[in-house]
Amino acid sequence: MPSSTERTRRLDALAVFLSGACMVHCLALPLLFTLFPILQGSLLEESYFHMLMLLLVVPTSTIALSVGCRRHKDLATIVLGTIGLVILTITAVFGHELFGYVGERIATTIGGLVLSCAHIRNYLKCREVDCQHDHGA
């Protein structure tokens with residue numbers, strides 16, 4: 001069974017991947033819609049995608065960051081994570097109305113980058129506190 005450090009590391013990696021998927025979706029989907037009109041109206045539609053990603057990102061990030069922060073007690077990690085999650089949540093729920101089409105994409109990208117930075121920082125801080133998992137690597 002993996003140690004709590006290993007589980008946190010995996011959750012951080014998953015959360016960074018999910019943030020990247022959001023960014024790719026926001027930046028690449030308009031191009032795909034232009035090239036492949038059949039995708040329009042599919043499950044890749046913005047509102048569905050954003051809600052699905054929130055259902056994956058919020059619990060994954062919350063668990064990974066809270067477990068890591070209990071270990072290393074780095075306030076900057078939790079602040080970055082909270083800011084990223086708040087930006088992503090507000091943008092997913094109200095983004096189109098608040099920011100318009102382009103602004104929604106910019107806000108989602110910023111939120112994803114901030115959240116990714118929090119997870120990378122969490123990963124690095126956890127390694128500083130308990131680097132036992134690095135001995136075999």
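Here 115, 124 are screened, and the one residue that is under 17 Å from residue 17 (Cα atoms) and surrounded by fewer than 16 Cβ atoms within 10 Å (Cβ to Cβ) is 124.
Considering region 85-110, the residues that are within 24 Å of residue 63 (Cβ to Cβ) and touching a residue at least 60 places away in the same chain (Cβ under 8 Å) include one that is nearest to the chain's Cα centre (by Cα), namely 88. Can you confirm whether residue 33 is of a type outside the set (Ser, Thr, Tyr), at pLDDT 65 or above, under 20 Å from residue 96 (Cα atoms) and in a helix (DSSP H, G or I)? When the stated conditions are applied, residue 33 does not pass them.
The values are calculated or read from the model by the stated rules, or taken from the named source; none is laboratory data. Only a predicted model underlies this, so the values are computations on that prediction, with no experimental measurement involved. Because the Cβ atoms are built from the backbone with ideal geometry, glycine has one as well, and the counts that use them run over all protein chains shown.
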